[in-house]
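Asker: One structure is given below, represented as structure tokens, and several questions about it will come after.
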Ligand SMILES: C[S@@+](CC[C@H](N)C(=O)[O-])C[C@H]1O[C@@H](n2cnc3c(N)ncnc32)[C@H](O)[C@@H]1O
């Protein structure tokens, strides 16, 4: 396990994922019933963007720091949370900040040090369970929730350092969808080149998963597979209004984060019908 999110926290991928995550949570909290949130690849929960890992890559400079200076309206809720939480909040910290008293978060992190850091972050928090276990195994074990919540949001955010991580993601989405049909599943993916994504979408369609939408931010055409040319969030069972709410969020990200390279743009696509 070489990947450490501290080098990438607050980059354009995080901005896309976290801005849409904040919208998804708010949409699911329109109903008062308790919500179970599973964060399968949680990281450490907060990141000091002034410390060496982040400054070494400069990714946050080209990401969240551009949004903090002048937040566009569709990103206001996300940026306000980042300001409120101080250090750059990872997904479990954003989720925790938005939980209502009736909601619960389970967060999995496999890296031993990062798991220990995350556990300390949520020590004695009765709303949060931190697991030192593999996401791929946890998805089967923790869905449906044993505590009886009828609604769930699952964030799947692998590091994509292993060759077969797109295959693992497809299997995980099929497993989660089978174990809890109505769960909202949100999976972040990198756009380096298109071939692995075409294969992923075809696998999900062949598996018969219904109601899938993708929201993508492209910083440039995906021609150089060694670069993170953009990223996307794939959502199974998107809450009502997602297809109307996502485009302004994507456009606001594009306006602040793109350097107007060839092929920059946004895309919302339906991969499988309801
Ligand atoms: C992209 S980072 C997560 C960032 C986090 N979701 C956020 O938005 O702040 C991926 C994390 O997954 C962890 N990880 C890698 N493989 C894992 C696995 N099989 N199960 C659980 N965590 C894993 C890595 O250690 C890393 O912290």
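Asker: Mind listing whichever residues of segment 1-22 are within 11 Å of the ligand (Cβ to nearest atom), out of contact with any strand residue (DSSP E or B) (no Cβ under 9 Å at 6 or more places or on another chain) and either free of Cβ contacts under 8 Å to residues at least 40 places away in the same chain or assigned to a helix (DSSP H, G or I) (or both)?
Answerer: 7
Asker: Still on this structure, please answer the following. Residues 199, 187, 252, 215: which one is in a helix (DSSP H, G or I), surrounded by 15 or more Cβ atoms within 10 Å (Cβ to Cβ), in contact (Cβ under 8 Å) with a residue 24 or more places away in the chain and touching a helix residue (DSSP H, G or I) at 6+ places or on another chain (Cβ under 9 Å)?
Answerer: On the way: 199 fails: surrounded by 15 or more Cβ atoms within 10 Å (Cβ to Cβ); 187 fails: in a helix (DSSP H, G or I); 215 fails: in a helix (DSSP H, G or I).
Only one candidate passes the filter, namely 252.
Asker: Could you check residue 210 against (1) in contact with a helix residue (DSSP H, G or I) (Cβ under 9 Å, 6 or more places away or on another chain); (2) more than 24 Å from residue 19 (Cβ to Cβ); (3) part of a helix (DSSP H, G or I) and say which number it fails?
Answerer: Every listed condition holds for residue 210 apart from (3).
Asker: If you go through segment 160-171 one residue at a time, do you hit one that is touching a residue at least 60 places away in the same chain (Cβ under 8 Å) and either buried (at least 16 other Cβ atoms within 10 Å of the Cβ) or in contact with a helix residue (DSSP H, G or I) (Cβ under 9 Å, 6 or more places away or on another chain) (or both)? Before you say what the answer is, go through the steps one by one.
Answerer: Of the residues in segment 160-171, the ones touching a residue at least 60 places away in the same chain (Cβ under 8 Å) are 161.
Next, only the ones that are either buried (at least 16 other Cβ atoms within 10 Å of the Cβ) or in contact with a helix residue (DSSP H, G or I) (Cβ under 9 Å, 6 or more places away or on another chain) (or both) stay: none.
Taking every residue of segment 160-171 in turn, none turns out to be touching a residue at least 60 places away in the same chain (Cβ under 8 Å) and either buried (at least 16 other Cβ atoms within 10 Å of the Cβ) or in contact with a helix residue (DSSP H, G or I) (Cβ under 9 Å, 6 or more places away or on another chain) (or both).
The rows are residues; the columns are (1) more than 22 Å from residue 181 (Cβ to Cβ); (2) modelled with pLDDT of 95 or more; (3) in contact with a strand residue (DSSP E or B) (Cβ under 7 Å, 6 or more places away or on another chain).
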site: 202; (1), (2), (3): no, yes, no
site: 212; (1), (2), (3): no, yes, yes
site: 218; (1), (2), (3): yes, yes, yes
site: 247; (1), (2), (3): yes, yes, yes
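Asker: If residue 147 satisfies all but one of (1) surrounded by fewer than 14 Cβ atoms within 10 Å (Cβ to Cβ); (2) touching a strand residue (DSSP E or B) at 6+ places or on another chain (Cβ under 7 Å); (3) without any contact (Cβ under 8 Å) to a residue 40 or more places away in the chain, what's the number of the condition it fails?
Answerer: Unmet for residue 147, out of (1) surrounded by fewer than 14 Cβ atoms within 10 Å (Cβ to Cβ); (2) touching a strand residue (DSSP E or B) at 6+ places or on another chain (Cβ under 7 Å); (3) without any contact (Cβ under 8 Å) to a residue 40 or more places away in the chain: (3).
Asker: Identify, by number, the condition in (1) modelled with pLDDT under 95; (2) under 21 Å from residue 178 (Cβ atoms) that residue 207 doesn't meet.
Answerer: (1)
The values are calculated or read from the model by the stated rules, or taken from the named source; none is laboratory data. Just so you know, these numbers come straight off a predicted model, no measurement behind them. Neighbour counts are summed over all protein chains in view; Cβ atoms, including those assigned to glycine, are modelled from backbone coordinates with ideal geometry.
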